[in-house]
Amino acid sequence: MPEAQATIYLGVQLTADARQGKALSVRLGHASKEFDKLKLVWNSGLTESLKLRIFHTIFRPMIMYAAPELSYTASQVKRLD
């Protein structure tokens, strides 16, 4: 049976070499699209603290899902910051 080079498990792409470059780019792309959909919220008169709560509630989980179990390079960690 041939070894798979990549597979998706619980919505996370796992690769044979444990690199997450493509998966990270996909996650950040999805988060960016969703962020753009909320432009009315970001440009509204809501307080900054409420906007931050919305951001942390919606986007942090989207980007960080299963992150502790994955292996990232130093440059990829900077992208997450």
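How large is the accessible surface of GLU48 in square angstrom, using a 1.4 angstrom probe and rounding to the nearest 10?
140
By how many nm would the segment from THR7 to LEU50 lengthen if fully extended, with 0.36 nm per residue of separation less the alpha-carbon distance?
11.7 nm
Spin-label point model (7 Å from Cα, Cβ direction): what's the LYS78 to LYS33 distance in nm?
2.8
Keeping every protein chain in place, order PHE59, PHE35 by accessible area at 1.4 Å, biggest value first, i.e. largest first.
Result of the area sort, largest leading: PHE35, PHE59.
The values are calculated or read from the model by the stated rules, or taken from the named source; none is laboratory data. Since the structure is predicted, the reported quantities are computational estimates derived from the model, not experimental observations. Reconstructed Cβ throughout: ideal geometry from the backbone, glycine too, with neighbour counts over all protein chains shown. Calculation scope for accessible area: heavy atoms of the full protein, side chains included, ligands and nucleic acids excluded. Shrake-Rupley method; radii C 1.70, N 1.55, O 1.52, S 1.80 Å.
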